[in-house]
Amino acid sequence: TGGHVESHFHVFVSLGILAAYRDWKVIVIATAIVAVDHAARGMLWPASLLGDASASMFRWIEHAAYVVAMDAVLIPLCIRMQREMRRNFDSEAEVRKLSESLTGTVSTINAELEVVRESGDMTRRLSGAQHPALHGLEHSINELIETLGGVIYEASVMGEAVASASMQIASSSE
C-alpha cells in the first residue's frame, strides 16, 4: 500500500467480495494472509504499512482487530447464505420431482382418455393418478364419463323407442 493507510480499505472491500463465495473458509484464509502480512511488515518495516517509520510496531494489531470484527459479521453471513442456497437446491429438486410425477400422471390420464375416446367404452374408468393432487381430477373425469355414459344410454333407449313407435305407425298406416 506504500504506507497509505486509506489503501487498507481494499482489505474490507476484498473480504466483502470474497463473501460472495458463501464459504466462510475463504474469509478465514484471506484474514490469515492479511494478518501474517501485517504482522511481518508491522514488525519489520512499519513504514510500508502505515506510512510512518516512527509508528509502533504493534499498530498492526489494531488493524487486525478491525478485520476480525468484519469477519465476525461475514462468517455467520456466509454460513447462513450457504444454508439458504442448499435449501433452495433441495426445494428445486422437490419441485422437479413433483413436476415429473405430475407430468407422468397426466400422460397416463391422457392415454386412458384416448383409449376411452377410441373404443367408445363408457364403462372404462381412470385409475392412474399417482399423485394425490390428481386424485380429485381423476374422480371428476370418472364422474363425467359416467354421466356421459348415462346420457348416451338414455339417448339410445329413447332412439329405440322412437324407432319402435315409427315402425308401429308405419305398419298401422299400411
- prompt: Given 0.36 nm per residue, what is the gain on full extension from ILE17 to LYS97 after removing their alpha carbon distance, in nm?
  reply: 25.3 nm
- prompt: What FRET efficiency do you get for VAL26 and VAL73 if R0 is 22 Å and r is their Cβ-Cβ distance, rounded to the nearest 0.05?
  reply: 0.90
query: Given the C-alpha centroids of segment 3-34 and segment 136-164, what is the distance between them in whole angstrom?
result: 75 Å
- prompt: Zone of GLN82 (label point 7 Å along Cα→Cβ, backbone N under 15 Å): which residues in segment 10-26?
  reply: 18-26
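Of the chymotrypsin sites (Phe, Trp or Tyr not before Pro) in segment 18-117, which ones lie in a loop per DSSP and count no more than 13 other C-beta atoms within 10 Å?
Listed in order of number, the matching sites are PHE58.
Bear in mind that the values in this text are calculations on the coordinates, not laboratory data. What you are looking at is a predicted structure, and each value in this text was computed from that prediction instead of being measured. When we count neighbours, we look across all protein chains shown, and the Cβ atoms used for this are built from the backbone with ideal geometry, even at glycine.
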